[in-house]
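What follows is a single structure, written as structure tokens, with notes after it.
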Amino acid sequence: MFNISFRYEKFYALLFLVAASVTGLLTSYWAQSFLIWALVYILWKWVEFYHFYHWYKNGAKNAKVPLNHGVWGDFASLILNDKNKNRKIYKRNKLLLNQFNRTAQALPYATIILNKGYELRWVNSIAYKILGIKKSDIGVKISNLIRDPLFVELLEQVNQGTEVSEMKMTHPIDALRKIHIKLMKLSNKRFLLVARDISQQDALRQSRKAFVDNASHELRTPLTVITGYLEMLHNAKDIPKTWQQPIEKAQQQSMRMEKIINDMLMLSSIEHERHLEDNDEIIQMPQLLNRLLDDVKNSSKAKLHHFSVNIDSDLKIRGNEEEITSIILNLLNNAVKHTTANTKVSLRWFSKGNNAILKVCDNGKGIDAKHLPHLSERFYRVDNSRDKNTNSTGLGLAIVKQICDNHHATLEIESEIGKGTCFRIIFRQ
């Protein structure tokens, strides 16, 4: 385009040069003729520039394009093309923004956009109901509206580079309500805060925990009495031999019921949010793993099993040691309890990338693939026959899964019939 423009400019300059030559030939005033026509040419271009400048300064409207030639005409065309492109981009962005606004307003969650100083830039209408924040608060620092110390710590975490942080807190106005908040970093200058009211879920969880605690307590008393009488009958010398086996079976079932009650209480306990607040102690995993492995190896059921160990002696994690202990014992005991004598059991503790990985494998008979997605469900057992797994409560892996969730860890299970089973827990560092 500019090549064409300069070609025209050369033509106009040549035309004025011819006019100056003709005038000089006719008047014999060559110098004056060239000077006059040069001034005319400069004046013409200055007028074009003047009109172009004022047109551009006043908005470069399509209906008022100045009549320019050459370079200024091309500049005007470029500006109009860019304006048309920008207009299309603006319409598309406006459409996307309207769609975002409608979507965010329809969400049942408080949605807030913050700038790099954590000042409100945009809020949806539900934010007032959930957090007491309204549109008139735009421009105010979020920490001036939500003064919970845990929330201030959340802001600090994201400020130090954490991409996503979340927390539970009491409602800033109503102390009986609970709020779950997630803060995400969108860019260096924008943050997205999403909050939802979890009061009902929290009340339901508290009610379920209270029910499990009460039911377990009520079951313990009669179970203790039954177990006591069964033990007395089992030790009695005048009991007929035909009654000994039924009494032993009843004892086994009473012990299993007691274990179910204990597992139910533990699962209810680790689901409760107070455990989430204590998951930040440094756990000396090498020492813990070696100690627990020795306990399992020395048990009567594991004396004919073969163990191999590979533990990174420098790898530690943060978490709740009591809960991590439960994970390790569950996995090791399962590897022993559900396999036959001479089975090889391997324990590995190692790092990969930014993750710490606990791996417990055996070369037992394996588990059918159809069972794998359900193994961490409550009371799910692969073999429900009367002769096998009589001591299994079906809650062990459910407890492991819940503890993994508490520690933001992932439980993975791999198994193949005839080749064994591997349980892998991935802790994100």
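Just so it is clear, none of the values below were taken in a lab; they were calculated from the coordinates. Just so we're clear, the structure is a prediction, and the values are computed from it rather than from any experiment. Positions of Cβ are generated from backbone atoms using ideal geometry, with glycine treated the same way; all protein chains shown enter the neighbour counts.
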- Treat every Asp and Glu Cβ in the chain as -1 and every Lys and Arg Cβ as +1, leave all other atoms uncharged, and give the resulting dipole magnitude about the Cα centre to the nearest 20 debye. 1900
- Message: Can you give me the long-range amide H partners of His171? Hydrogens built in the peptide plane at 1.01 Å from N, cutoff under 5 Å, separation of 5 or more residues or another chain.
- Response: Arg177, Lys178, Ile179
- Extending each Cα 7 Å along its Cβ direction at Lys301 and Ile198, get the distance between those two points in nm, one decimal. 3.4
- Message: Whole-Hz ³J(HN,Hα) for each residue in the range 87-103, computed from phi via Karplus 6.51 cos²θ - 1.76 cosθ + 1.60 with θ = phi - 60°, x for glycine and proline: what do you get?
- Response: 5, 5, 5, 4, 5, 5, 5, 5, 5, 5, 5, 5, 5, 4, 4, 5, 5
- Item | the chain: angle of helix 241-271 to the longest principal axis, Cα-based, in degrees nearest 10 | 30
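Cβ under 9 Å from Lys182's Cβ, Lys182 left aside: what net charge do those residues give with Lys, Arg +1 and Asp, Glu -1?
Working: positive: Arg196; negative: Glu166.
Here the charged neighbours net out to 0.
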- Item | Helix-only CD estimate at 222 nm, as mean residue ellipticity for the chain, using -39500 (n - 2.57) per DSSP H run (n ≥ 4) | -17500 deg cm²/dmol
- Nearest 10 degrees, 0 to 90: helix 285-297 Cα axis against the chain principal axis: 30
- Note on the structure: Within the chain, cysteines having no neighbouring cysteine beta carbon under 4.7 Å are Cys404
- Query: Who wins for biggest fluctuation among Asn98, Asn406, Asn320 in a Gaussian network model of the chain, springs between alpha carbons below 10 Å?
  - Reply: Asn98
- Task: Would you mind checking the tilt of helix 30-57 against the longest principal axis of the Cα atoms of the chain, expressed as 0 to 90 degrees and rounded to 10?
- Result: 30
